[in-house]
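The values are calculated or read from the model by the stated rules, or taken from the named source; none is laboratory data. Owing to the predicted nature of the structure, the values given are computational and were not obtained by experimental measurement. Counting neighbours? That spans all protein chains shown, and the Cβs are built from the backbone with ideal geometry, glycine included.
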Amino acid sequence: MLRTLRPTLLAACAAALLAAVDSPVVQAQTPVQAQAVAAAATAALDAAVASPQRTDKAKARDVYRHPAQTLQFFAVEPSQTVLEIAPGGGWYTDILAPYLHDHGTLYEAQYVSPLPESAAEEQADRNAFEKKLAASPAIFAKVVDGTLHDGQFSGFPANGNVDRVLTFRNIHNWIKDGQFDANLRAFYAALKPGGVLGVEEHRAPPGTSVQKTIDTGYVTEAYVIEHAKAAGFVFAGRSEVNSNPRDTKDYPNGVWSLPPTYRGGDVDRARYAAIGESDRMTLKFVKPAN
């Protein structure tokens, strides 16, 4: 029944339920209350995914990126403090900002590469992102935009106060820059005990070398898990929600041959469109409670 309501009404119903739970008068939840809270969170997420500030172009990618299922796997809740790393154009920000608006907190960390040749593009991307936030204050005014540079956060508190750290399709860049391990340590420090690191990344076949990862953009699950564990995380599970068995991972321009990039232009474009976006790992790690 909830799914038949308009997104604005869904959001209003969810907000009312979540506000009641946030009240200091509420000491404990009965099973019925817990079920209602879970339903409210689902309704709020559905409303955020369907929200009108998302463009048709962005929504067209949902078939490949499965935002609701991905965020549910990472157990993102509307009252949490969430830190998104390297938001790019804000594809996930458009969902996270309204979802967390009333009861949670959203930090965005713009990644700054140590490579000087990346500086101009990164600054242009950041300017565009901040312009996007400023254009819709009703949605984005509470979003805090900071920086991740040399394994250090700035612009917001990040010392054991964050519930979820999320990164979508960034790890291959950090491997190329030699920053993956430093970033993992920063994520670990930012998270509360029991907090979750959620990872989505282009998935390479087992045994792929680091150099091939740098060349193609595909990373092995084993590499990510090994390095996350070395930073102190516990591997908590994987989801195949973003898998794509049509992705053969053997293209002349690596993962960027596929949509939405189409780096090869019109060459084999129809073939790549039929494959769709990349095969992606979706992994969950936990900072131990003790």
ask   = Is it true that some residue in segment 280-289 is more than 20 Å from the chain's Cα centre (by Cα) and closer than 30 Å to Pro193 by Cβ?
value = yes
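For every residue, the table says whether it meets (1) in the same structural domain as Ser257 (by TED's automatic domain parsing); (2) in a strand (DSSP E or B); (3) more than 16 Å from the chain's Cα centre (by Cα); (4) within 13 Å of Ala86 (Cα to Cα).
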site	(1), (2), (3), (4)
Ala158	yes, no, yes, no
Asn173	yes, no, no, yes
Asp181	yes, no, yes, no
Pro193	yes, yes, yes, no
Leu197	yes, yes, no, no
note = Restricting segment 37-71 to residues that are over 21 Å from Ser239 (Cα atoms) and at pLDDT below 95, the one surrounded by the fewest Cβ atoms within 10 Å (Cβ to Cβ) turns out to be Pro52
Some residue of segment 166-187 being in contact with a strand residue (DSSP E or B) (Cβ under 9 Å, 6 or more places away or on another chain) and of a type in the set (Ser, Thr, Tyr) = yes
task = Could you tell me which of the residues Ser209, Ser239 is hydroxyl-bearing (Ser, Thr, Tyr), in the same structural domain as Pro114 (by TED's automatic domain parsing) and under 22 Å from Tyr92 (Cβ atoms)?
result = Ser239
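Does Ala189 fit the bill of being touching a residue at least 24 places away in the same chain (Cβ under 8 Å), assigned to a helix (DSSP H, G or I) and surrounded by fewer than 18 Cβ atoms within 10 Å (Cβ to Cβ)?
For Ala189, the condition - touching a residue at least 24 places away in the same chain (Cβ under 8 Å), assigned to a helix (DSSP H, G or I) and surrounded by fewer than 18 Cβ atoms within 10 Å (Cβ to Cβ) - is met.
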remark   = Flagged pairs (Cβ under 6 angstrom, 6 or more apart or on separate chains; first in segment 258-281, closer than 12 Å to Arg65 by Cα and not assigned by TED's automatic domain parsing to the domain that holds Pro206; second of a type in the set (D, E, K, R) and assigned to a loop (DSSP other than H, G, I, E, B)) are none
